Amino acid sequence: MEIPALGIVAAALLLALLVECGFRYREAWALPAALIYLTVFAWYFADLYITPENYAFLPTNLLELSYTQVIIFLVCYRLFARRLTIWLSRHAENPVRRVRPISAELMFAAAIILWGALLTYGVTRMHGNVIGALFPIQGRTGRTMWFRLAASDAGSTGFIVSTAAYFYVLACASFGVLFFFVRSNITRVLTAAMMAISWPYFLLSGTRSTFLAVSVPFFFGYLMFGKQRFALRIAVIALAFLMINTAMLVVIKYRGRGFEEYLAENQFETEDDEEVRQRGLNMIQELCFVNIYMTGAQPAWGTRYLEEIENVIPRAIWANKPMIRIDYAVFRGFAGGRSDIGVVATISTGMIGGGILNFGKWLGPIAPALLMALWTALLGRWWVQRASLLRCLLFLFGMGLTFNLGRDITLLTLWPIVFAYVVIRAVEWWRRVPAREAAVLIHERSDALVAMGHGGGMVRW
């Protein structure tokens, strides 16, 4: 497969923007922006090298058009991201100035209680099968704690199950994040034990996105708050990436038939090249299909984004709530099935493809660029507020969800951070203090960060 010329231009632009983030790493927008650039690379470039045969049938001009839209996205995102972060972070210290700090140990205890309550509910849905709930080795062929049908097939409890699943992701991600902030060795061992107990569920259930949402905050926490030299931390994270990549390949191969076979074989058959390659990173291919779809369709002019926002309303309350991306799934040939949604599966269009469905081929890339710039500004604001452990956790949770936004900008991805923000704001309201104590609290937080070797106080943007 020959790489189109504009694909090379887009890759060069992406590399230049990543290098710029390296030079500006002290600015609050730079680290989230670097992650978004890596997300663009993974979703819109990597698949051309992983499965080039899947692009042989696509006309070169269609790929050229798609990479032109990627370039527009990158340029507009860079123009928006820094300015929006400056605007949103101007008074970032105000919301946390009058909040009394809360210890990592207390937060860990709260996470344990939340996890235990959710696990109890999940085990009841598994008819008391605790081992099957924590370690679903049957993959997608068996039942998992948070499985539910789509739309009205989910029944009146569908919203409850979905909400519990999002909180479960949040609780399990908390174990990895708090590992770097608890002070006693015993508590640190307990957080590691909880990671070992709770994280296999996300891998064995065959859903790579939720596993990344749970594990990535831990690696960012290690990168920024680990005690080792920076070069060693980078090396450890690179090794962890290779291990996770291998685990993901195993998941791809066995999730459709269960992991009992893999455990019995005790090996990974890497000689089967077709089976062991990463799949699903084909958003540049999907962008080509979106452009074909738009030749015979009109832009939705934002209504598709509105439908994503309306997803907050439970279907038990709004029975006729609009379906998301059903028409596009029908176009892609996934109509049918027994579900009442009318398709076998919905199709992710990618963050850029979603913008094109909403606003057309040329205005479309600007919309997701603006949305991702707003996301960057929000992450940058929380990074500026990292002297507050609560806001630092929000930043790490958000970084863990960023990669999944490359597949679709949707609340279905962002619900864990929405719930985390609501809970943290409630805690901040509960822990608020009189104004006369605010300066002392900021000083205490600054000293704590200096002790960890990462600079104190509220940083500049």
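The values are calculated or read from the model by the stated rules, or taken from the named source; none is laboratory data. This is a predicted model, so every value here is computed, not measured. Methodologically, a virtual Cβ is constructed for each residue, glycine included, from the backbone with ideal geometry; neighbour enumeration extends over all protein chains shown.
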Take the range 341-356 and flag every residue that is surrounded by 22 or more Cβ atoms within 10 Å (Cβ to Cβ) and outside any loop (DSSP other than H, G, I, E, B).
-> G350, M351, I352, G353, G354, G355, I356
Looking at (1) surrounded by fewer than 17 Cβ atoms within 10 Å (Cβ to Cβ); (2) at pLDDT below 75; (3) assigned to a helix (DSSP H, G or I); (4) of a type outside the set (A, V, I, L, M), which is the one condition that is false for R279?
-> (3)
Single residue of A367, A316, A329, A377 found to be of a type in the set (A, V, I, L, M, F, W, C) and outside any helix (DSSP H, G or I) = A316
Quick one: what pairs do we get from the range 350-375, first residue farther than 13 Å from Y328 by Cβ and at pLDDT 95 or above, second assigned to a helix (DSSP H, G or I) and of a type in the set (D, E, K, R), C-beta under 9 Å, 6+ apart or different chains?
-> A369/R78; A373/R78; A373/R82; A373/R83
Residue in the range 78-98 that is assigned to a helix (DSSP H, G or I), touching a residue at least 24 places away in the same chain (Cβ under 8 Å), under 24 Å from I352 (Cα atoms) and of a type in the set (V, I, T) present = yes
Across (1) part of a loop (DSSP other than H, G, I, E, B); (2) surrounded by fewer than 17 Cβ atoms within 10 Å (Cβ to Cβ), A192 clears everything bar (1)
Say we look at the range 64-110 and pick out the residues that are hydroxyl-bearing (S, T, Y) and surrounded by fewer than 20 Cβ atoms within 10 Å (Cβ to Cβ); which of these is nearest to F45 (Cα to Cα)?
-> T68
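Residue-wise test of (1) within 17 Å of the chain's Cα centre (by Cα); (2) aliphatic (A, V, I, L, M); (3) more than 18 Å from E105 (Cβ to Cβ).
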residue: S174; (1), (2), (3): yes, no, no
residue: V177; (1), (2), (3): yes, yes, no
residue: T207; (1), (2), (3): yes, no, yes
residue: V216; (1), (2), (3): yes, yes, yes
Just give me the residues in the range 1-34 being under 22 Å from F397 (Cα atoms), of a type in the set (A, V, I, L, M) and surrounded by 20 or more Cβ atoms within 10 Å (Cβ to Cβ), in sequence order.
-> A28, A30, L31, A33
Which residues, counting only those in the range 199-215, are farther than 13 Å from F397 by Cβ and touching a Pro at 6+ places or on another chain (Cβ under 8 Å)?
-> Y201, L204, S205
Would the range 55-65 turn up any residue that is aromatic (F, W, Y), within 24 Å of the chain's Cα centre (by Cα) and part of a helix (DSSP H, G or I)?
-> no
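State all residues of the range 127-138 that are of a type in the set (A, V, I, L, M) and surrounded by fewer than 20 Cβ atoms within 10 Å (Cβ to Cβ); if no residue qualifies, say none. Step through it out loud before you land on a result.
Residues of the range 127-138 of a type in the set (A, V, I, L, M): 130-131, 133-134, 137.
Correct list: V130, I131, L134, I137.
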Show the residue pairs that are 6+ apart or on different chains and have beta-carbon atoms under 7 Å apart, the first residue being within the range 183-208 and in contact (Cβ under 8 Å) with a residue 40 or more places away in the chain, the second being in a helix (DSSP H, G or I) and among the aromatic types (F, W, Y).
-> T187/F108; T191/F108; T191/F175; M194/F175; S198/W115; S198/F175; L203/F211
